[in-house]
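Written out below as C-alpha cells is the structure these notes cover.
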Amino acid sequence: MPTIDDILGMSSVEMIEYTAKGVKKAVVTVGIIQNGQMSYQVYGENGREISQKEHVYEIGSITKTFTTSLLSKAISENRVSLDNSISVFLNLPSKDYYPSIKRIITHTSGYKSSYYEDYVSTNFLNNGNSFYGITGKTLFNRIGTINLENRDYPFEYSNFNMAVVGLILESIYNEDYTPLMNSYIKNDLGLNHTKISDGSGDLSNYWLWDNGNPYIAAGAIVSTITDMMLYAQIQMDEIPSYLNLAHSVLAQVNATTSDYAKFGIRIDAVGAGWMIDTVNNIIWHNGGTGNYMAPGFRLNATVIGSKLFKELEG
C-alpha cells in the first residue's frame, strides 16, 4: 500500500495504473475538455491504454447534480422556493419544524447520510445496492420519526437528503421520478446516452434498482463518457441559465477533510448539490458505486481527477 507521500508524487496515469493493477476487467475512461475540444482515453488492467470505445458506466452520486438541476428548473418556473419547508410538498405528520429545501440540497439539514432499514443487510443479492427495496412509504415514515431543530447543521453529505428531493420533484411535477428524469435528460439537456439505470449496458455488475425507489434520485443514472463531457460543458456554460443557481454558494460549510486537503481538494461551500472550492474557484462533484470507482477501493475518481486537473492547469 503506497503512503500518502507516494500517492502525492504520482501522475494521474500512475494513479490509474495503481488503481487498476491486477484488476482483470478494469475499464477506466478519462474524458478531458480543454480549449473547447473534447477527447477521451480508455485504460484497462494495470492502466494500459486500450481501444477507444464508449462504455455505459454507473455515475453514482453525480446523479445528485441532475436531480438538483431539475430542481433549479422548478425554481425558475416559480413552482418551488429554496425557503419552502419540505412539508409544503410532502404529506408528513404534523410537526413544528421540517427542514427547508435549501438545507436539504446543501447537506445542512441534519439528516444523516442514510438510515438503516431492516432489509438492507440482504442487499448483497442485488449487486451490492444497499438501497434496494426502500420505498417512498419507507422514506416518508422515516422522515416523520426524525426530530430536528430549526438551524443549519454541520455539513453531512447525505443520500437521504437527495432521496427527499426526488420525492419533492415527483410532487411538483406529478410524475414518478424515473420517467420525469429520463425526459428531462433527453429533452432539456439533449443527452441521448444517459438515463436511469435499467440494468442494461455493455459492462457488468450494474446495481439493481426497484421501481419507485426514492434513492434513485441520489445515485441511479448511467451514462457514457461523451455524454458526461457534454453534461460538464452544459454546466460550465450554464445553458439553460437556471443552472447558475446550482453553482451559486448557498451555504458556507468549511467541510474540507484532512485527507482531502492533502490532495488539494476542498469543500468550502455548497450550491444546489455541487461542492464549491472557493479558494481555487472550482465547482465539482464525484460519484462511485460498488463496482464503478467505489470510494473505498484504492484511489477514487476524486483523487485521480484532482491530479489530472492540476496537470492540465500546468
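For the stretch 250-261, the set of residues classified as closer than 30 Å to I4 by Cβ and either polar (S, T, N, Q) or not in a helix (DSSP H, G or I) (or both) consists of A251, Q252, V253, N254, A255, T256, T257, S258, listed by residue number. Considering V42, V80, V28, the condition of being in contact with a helix residue (DSSP H, G or I) (Cβ under 6 Å, 6 or more places away or on another chain) and within 25 Å of H193 (Cβ to Cβ) is satisfied by V28 alone. Among the residues of the stretch 125-167, those identified as more than 24 Å from W207 (Cα to Cα) and loosely packed, with under 14 Cβ neighbours inside 10 Å are N141, T145, N147, E149, N150, R151, P154. Which residue is farthest from A246 (Cα to Cα), if the candidates are limited to the stretch 81-134 and must be modelled with pLDDT of 95 or more and of a type in the set (A, V, I, L, M)? So, considering only residues that are modelled with pLDDT of 95 or more and of a type in the set (A, V, I, L, M), the one farthest from A246 (Cα to Cα) is L92. Scan the stretch 257-314 for residues that are farther than 21 Å from S109 by Cβ, surrounded by 19 or more Cβ atoms within 10 Å (Cβ to Cβ) and either without any contact (Cβ under 8 Å) to a residue 12 or more places away in the chain or among the charged types (D, E, K, R) (or both) and the total you get is 2. Note on the stretch 14-51: residues that are of a type in the set (F, W, Y), touching a residue at least 60 places away in the same chain (Cβ under 8 Å) and in a strand (DSSP E or B) total 1. Within the stretch 11-53, being among the hydroxyl-bearing types (S, T, Y) and either surrounded by 15 or more Cβ atoms within 10 Å (Cβ to Cβ) or touching a Cys at 6+ places or on another chain (Cβ under 8 Å) (or both) holds for S12, Y18, T19, T29, Y40, Y43.
For the stretch 193-202, the criterion of being crowded, with 22+ Cβ neighbours inside 10 Å, polar (S, T, N, Q) and over 15 Å from H55 (Cβ atoms) is satisfied by no residue at all. Count of the stretch 223-255 residues, restricted to those that are closer than 30 Å to S204 by Cα and of a type outside the set (S, T, N, Q), is 8.
The values are calculated or read from the model by the stated rules, or taken from the named source; none is laboratory data. Note that the coordinates shown come from a computational prediction; the quantities given were computed from them, not determined experimentally. We place every Cβ from the backbone using ideal geometry, glycine too, and count neighbours over all the protein chains shown.
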